[in-house]
Structure formats: structure tokens, C-alpha cells
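The values are calculated or read from the model by the stated rules, or taken from the named source; none is laboratory data. All values derive from a computational prediction rather than experimental measurement. Cβ: placed from backbone, ideal geometry, glycine included. Neighbour counts: every protein chain shown. Note: accessible area is taken over every heavy atom of the protein model, side chains too, but ligands, DNA and RNA are not part of it. Shrake-Rupley method; radii C 1.70, N 1.55, O 1.52, S 1.80 Å.
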Amino acid sequence: MQKFIAIGDVHADWDGLWGALRAASCVDMEGLPTPPVRMGRYQVILIGDLVHPKNLHEYARLTGLLDFDPRDHDHLFLAAREQVKQLERLKAYQEAAPHAVHIILGNHDDAVLNTSYVLGTTGGMVHVEFDPAHGGIHLPHHLSTWMQGFPREVRLAGVQFAHVSPMPAHTYYDDLFYADHSTKRWFRDSPEYVQMAGLAFGVYGHTQLEKGIYIHAEGGKRPDFAMIDALQSREYLELMLDANARTPVQSVRAVPF
């Protein structure tokens, strides 16, 4: 039996990330994995999108500025610097237990590695702190190399962890991905995709929901997937998995912290 602690999109909410790991007994006072994580009894899954605060308020909080201006080169430098500090910390944490700490590649992470896509919000704000062509800086090479090694999914005993959905097309962040509105709606419009993929359970992020973690259970049946982009709601997902059991998923619940 293993416990999986799955944490939704980080988006530079480092206080939320480390708070969730502390609440789940996954990080010690030195910022390193606890014994259950080192032994593999606890498996930590970060569902992706480590970078890019979600809005101007979060950029201001990250940088300590009263009014963050994404057109100001100095402001972009501060945003990049603060994220780099925490990425270094997370890299050390993950490398201390690589068999038990898994980080999925999100589309925002991919956009830092492939700057041909400029991501932003419906309000017109753009995420360019790691884009030199738009006034930002390059992500340090050792961090970009680390990110390039992030998997696009993790699977065990019929359970899938992926950033967006069970659809293979949603694991590659290209022109088709950004033109496809189903990336944000599939879980409501076509929840049967999880069963069609032959999965016992799926865990996904990418789409923030107002009420926190959403656990889908069709018609009162056993839950079959969860949408966990809920770090801002201070929730993470706990999943108990017995890979040798006929029904591998023993329990699943949203945990507040």
C-alpha cells in the first residue's frame, strides 16, 4: 500500500506548495523529504505548472512590489529571480528522493522551455519573465535541463496523473493544444474519456475550479477521476493505492490544509 499526495498547479504559489507538503508530512524542517517519502511509502506528485503566478496580485506578492508591471524589465527580473530561488529549492527536494517525488510537465513549464508561445490571461497580462525576447531572462541552464526531464504523465496500476486530461493530444502543448477549447471543458462535457482510456482513476490539473478539488463519480459509482488545480483553495489530493489489489484505488479524498 502506498499513499499518493497529489498537488495541483503551483503557479509560483510556493507558500501553498510547501504548506501542503508540510501538512502531508512530506517535507522536514530542512526542506528535504521525510522518511516515508525517502522510503517510497509516500509518493508525491506535482501536477505541473510550477511557474507563472496566476494574476498581477500574485506577481506583486511574489516580488514584494505594490504594483507589478509586466512591461517593466526590473519587475520581470524580480519575478524571475524569486521563482528561480524556489525552483532551486524544489529541485534539491526532488533529487533527494527521485523515486518518490514526481513532477509532471505543465504547459506553463513547457512555455518557459519553448518561448515561441507567449502565455497570458484573459485580462491581457502576459507571462514573459523567462522570455528574453519580451524583456525577461533565460531560465538558468541547469533548471531548464531539469525541467526537460519532467514526464508528461505518471501511471501505476491503472491510475494516471497528467496535467490536463487522459487524452494523449493534451500532453503536447502546440498550436492544436492552444486552439482546443476542450482542454478546459472535457471533464464536464466528456467525462467518459477516463474510462475509454482504460483507467481505474485519473488525476488532472490545468483547470481551476471555484470550489476546490473536484472528484467525479458518475451516478454514485466509484470515483473515476479528480481535478486538483486547487492549491489556491489550500487543498491537496490523497490517494491510497494497492497496486496488487483487484481494485487498486482504496480511497481518495481532498485534504484541506
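Here are the numbers:
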| quantity | calculated |
| --- | --- |
| Per-region count, region 157-183, residues exposed (fewer than 14 other Cβ atoms within 10 Å of the Cβ) and outside any loop (DSSP other than H, G, I, E, B) | 6 |
| Checklist (1) touching a Pro at 6+ places or on another chain (Cβ under 7 Å); (2) over 27 Å from TRP14 (Cβ atoms); (3) at pLDDT 95 or above applied to ALA217, failing item | (3) |
| Residue list for region 130-156, restricted to those being outside any loop (DSSP other than H, G, I, E, B) and over 22 Å from ARG89 (Cα atoms) | PRO132, ALA133, HIS134, GLU153, VAL154, ARG155, LEU156 |
| Unique match (being within 18 Å of the chain's Cα centre (by Cα) and aliphatic (A, V, I, L, M)) among ALA6, ALA96, ALA79 | ALA6 |
| Whichever residue in region 228-257 is free of Cβ contacts under 8 Å to residues at least 60 places away in the same chain and among the basic types (Lys, Arg) and, among such residues, is surrounded by the most Cβ atoms within 10 Å (Cβ to Cβ) | ARG253 |
| Region 10-27 residues that are over 15 Å from ARG61 (Cβ atoms) and at pLDDT 95 or above, paired with ones that are among the polar types (S, T, N, Q) and part of a loop (DSSP other than H, G, I, E, B) (beta carbon under 6 Å, 6 or more apart) | SER25/THR34; CYS26/THR34 |
| Close pairs from region 179-191: first within 24 Å of GLY219 (Cα to Cα), partner aromatic (Phe, Trp, Tyr) and assigned to a helix (DSSP H, G or I), Cβ under 8 Å, at least 6 apart | THR183/PHE177; TRP186/TYR193 |
| Selection count where residues are crowded, with 18+ Cβ neighbours inside 10 Å and not aromatic (Phe, Trp, Tyr), scope region 134-152 | 4 |
| Matching residues in region 151-208 - criterion: being among the small types (Gly, Ala, Ser) and more than 20 Å from ASP49 (Cβ to Cβ) | ALA157, GLY158, SER190, ALA197, GLY198, ALA200 |
| Filter result (among the acidic types (Asp, Glu), open to solvent by 20 Å² or more (accessible area, probe 1.4 Å) and in a loop (DSSP other than H, G, I, E, B)) within region 184-227 | GLU192, GLU210 |
| Top-ranked residue in region 1-11 [being of a type in the set (A, V, I, L, M) and open to solvent by less than 10 Å² (accessible area, probe 1.4 Å); ranked as farthest from GLU238 (Cα to Cα)] | VAL10 |
| Every pair of residues 6+ apart whose Cβ atoms lie under 9 Å, when the first sits in region 66-92 and is over 22 Å from ILE104 (Cα atoms) and without any contact (Cβ under 8 Å) to a residue 60 or more places away in the chain while the second is of a type in the set (Lys, Arg) and surrounded by 15 or more Cβ atoms within 10 Å (Cβ to Cβ) | PHE68/ARG61 |
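So that you can scan it fast, the table gives a plain yes or no per residue for (1) touching a strand residue (DSSP E or B) at 6+ places or on another chain (Cβ under 6 Å); (2) within 24 Å of VAL10 (Cβ to Cβ):
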{"residue": "LEU176", "(1), (2)": "no, no"}
{"residue": "GLN195", "(1), (2)": "no, no"}
{"residue": "GLU235", "(1), (2)": "yes, yes"}
{"residue": "PRO248", "(1), (2)": "yes, no"}
